Structure formats: C-alpha cells, structure tokens
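Notes follow the structure.
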Amino acid sequence: MASIKDVAVEAGVSVATVSRVLNGHPSVSPGARTRVLAAVETLGYRPNAVARSLRTDQTRTLGLVISDVMNPYFTELARSVEEEARALGYSVIIGNADERPDLQDHHVTTLLDRRIDGLLVSPTDGGSPRMLDAARAGTPMVFVDRWIPGVDVPVVRSDGRGAVRDLVAHLHGLGHRRLAIIAGPAATTTGRERVDAFREALAAYGLPLPDAYIGQGDFQAESGRRVTEGFLDLPEPPDVVFAADNLMALGALDAVRARGLRVPEDIALAAFDDIRWFVHTDPPVTAIAQPTGDLGRAAVRALVDRIEGRTGESVTLPARLVVRRSCGEATPASEHPPSPSPVRRSTP
C-alpha cells in the first residue's frame, strides 16, 4: 500500500506539499497540484481517515439515528441520506433506535464518541436526554421527519395537512361518513399532527371524530391489528380506517382479513406513508405519500451547511394523496384486463 512519502517521491514534491493538496490548501502551484493528483491516481494512494481527522478536526462522517429501520419509510430515508452524503464527500453511520429513547441515547453517545461531524435524528418518544444535551451543547444537528418543539435545531419534514384534507374530501366524495384513525404515539410530533389534521379535515365537512374512532397505535403493525379489531367490535364500526403510518395499515389489513371481511366492500382502508408494497396488495392501498428521497437529501444539505459554517435552514415539503382502490374507488381503466383481440380469419 502506497504511503504519502511514496506520493511525494512520485510527484517530486515534499510530503508537506502532498498534505496541502489533499487538504485543499490554496498555497500550492497548479503544476505541483497536478503532479500530486496524478501520483495519487498512479499509486492508488488512499489517505488515512483517522490521521486526517486528527489534523483537520473533521472525520467527514455523519451520524443518522432513525426511529425504526424495519419501517420502509425510514429505510428509504436512510438510503437517500447515504446517497446525498456520499455525493458531498461524507460517510454515514446509522443507528436504529427501534422507537426506544434509551437506544436513541446509546446511539447518540456512540456516534459522538466516534467524533462524527454532525447528527441527523428522527426523535423517538419526544426525544431523549443525551440527544437533547447534544443539541443544546451546539453539536451540528438536524431533525428529520420528527422534531422537538423548543429545541433550536433545523427541521426537515413534510407537511401532511393538505394531503389529509385531500384524503377526507376524497372519502367524503365516495360517500363515507364514519371515519376512524389509528394514531401514532402522542409523544411524537408526527403522531399528534396527523390526528389534529384528520380532526380538522373532518370538521370542515361537519363530521365528528368520536373517541371510539381514535385508536392509539405505536407505528408498529401489531398495534394496527389490535386497534382495528377494536373498531370492528364496535356496535357501529367505522366505514373507513385511516392508519397514520404504513406498518399500522398493514396490521389493519391483517385484522380485516382475519375476520373474513373484505377491503373495501366491508370496510375501507387508507394510510399515511405510501410504500412500494401498497401497489401489490389486493386491493392496492390509497395512501398519502411523503417526498422521502427529497427529505433525506435536504436534511443532509442542511446538516453539511451547519458543519461547514453556513446557516442550515429548516425545510418543509408537501405530501400528496395517491388514490388507488382500497376505499371503494372505481377500478382505473389501466387495471382492467385487456379485452381479447378479435380473431382474424384469412380469406382463402
């Protein structure tokens, strides 16, 4: 493996000059820079990241702590974060909090011990002590998807209120009047926000949201199953179950099928957080889609801005309604099987 001394000999310069080129220092002549870069390429030299971090006080590494790696939404978010970070010259270390504040604190502590340059966090359960301490101590940090009110950290998230209004308008237009929601944890901003948006959208049509039609979930499939079973046991079950995340929607679908019921003939189903699987369910699920990839990329850019001394701004992007067939919609023409082609007989 080539060393920095080998590069210096190959380029005919000093080791100090090679170091300045690799660290982007401006006080190197164009000719020397060209020779050093050519030598690096010829020898396949790779700088030692640990040694470089000691010199520059940067590791070019970001930490990402997500709420649940098993949730397809967060999986897609992590992928977009990693891709954007790589494009900007950073690596990413990921920690899965599994919706547990103690695990979130564990990952935050571990990442800071590894001298990461900044943190992206989707706070679980309203935050955790170590994460809050890091934010208040000035650690470069950005909240993504969820946030903690009162903590001075940029937030990159989607605004689902408009999409929830569109969903309720869509359901009302289909004739549904008894609408229920499987809510996420009240301790999370997304859990509270989606219930509030749903209630407000119903009120615009003069529709109530009785307590019996609000089921407390935890963004996990089992809670969606449990809450939906409770809805089905009511003397007057809802016409529609709106799950405030994709995993709870899948649990709701399981509960309906376990009773021998059909979606949407017996009860309709809609979800927040569209996932690729929803086009393959029977029927395909009507859902609210967040711009997940754009959120991940924007979060990385905001964090890198803070790390590199610029102002990292909060970003809010709109979610959108994706209409399929789980609420009683007509089957789109594109989903109908093609008519058989007429048989053409040749004239003898």
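The values are calculated or read from the model by the stated rules, or taken from the named source; none is laboratory data. Everything numeric here is computed off the predicted structure, so don't read it as measured data. With ideal geometry, Cβ positions are generated from the backbone for all residues, glycine too; neighbour counts draw on all protein chains shown. Ligands, DNA and RNA are stripped out before the accessible areas are found, and what is left, the full protein with its side chains, is counted by its heavy atoms. Shrake-Rupley method; radii C 1.70, N 1.55, O 1.52, S 1.80 Å.
A single member of Leu253, Leu269 is outside any helix (DSSP H, G or I), under 22 Å from Glu329 (Cα atoms) and open to solvent by less than 20 Å² (accessible area, probe 1.4 Å), and it is Leu269. Screening Pro149 with (1) open to solvent by 60 Å² or more (accessible area, probe 1.4 Å); (2) touching a residue at least 24 places away in the same chain (Cβ under 8 Å); (3) touching a Leu at 6+ places or on another chain (Cβ under 9 Å) gives one miss only, at (3). Within the stretch 107-123, residues that are without any contact (Cβ under 8 Å) to a residue 60 or more places away in the chain have Cβ atoms under 6 Å from residues that are part of a loop (DSSP other than H, G, I, E, B) and of a type in the set (S, T, N, Q) in these pairs: Ser122/Ser67, counting only partners at least 6 apart in sequence or on another chain. Just so you know, in the stretch 219-250 the residues that are of a type in the set (Asp, Glu) and in contact with a Gly (Cβ under 9 Å, 6 or more places away or on another chain) include one that is surrounded by the most Cβ atoms within 10 Å (Cβ to Cβ), and it is Asp245. Just one of the listed residues (Ala180, Ala197, Ala169) is in a helix (DSSP H, G or I) and crowded, with 16+ Cβ neighbours inside 10 Å, and it is Ala197. Among the residues of the stretch 202-218, write down those that are outside any helix (DSSP H, G or I) and either hydrophobic (A, V, I, L, M, F, W, C) or open to solvent by 50 Å² or more (accessible area, probe 1.4 Å) (or both). Ala204, Tyr205, Gly206, Leu207, Pro208, Leu209, Pro210, Ile214, Gln216, Asp218, listed by residue number.
Conditions tested, residue by residue: (1) aromatic (Phe, Trp, Tyr); (2) open to solvent by 10 Å² or more (accessible area, probe 1.4 Å); (3) modelled with pLDDT under 95; (4) within 22 Å of Arg161 (Cβ to Cβ).
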{"residue": "Ile275", "(1), (2), (3), (4)": "no, yes, yes, yes"}
{"residue": "Asp294", "(1), (2), (3), (4)": "no, yes, no, yes"}
{"residue": "Thr311", "(1), (2), (3), (4)": "no, yes, yes, no"}
{"residue": "Arg325", "(1), (2), (3), (4)": "no, yes, no, no"}
{"residue": "Pro332", "(1), (2), (3), (4)": "no, yes, yes, no"}
{"residue": "Glu335", "(1), (2), (3), (4)": "no, yes, yes, no"}
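Evaluated against (1) farther than 22 Å from Pro140 by Cβ; (2) at pLDDT 90 or above, Pro47 falls short on exactly one condition, (2).
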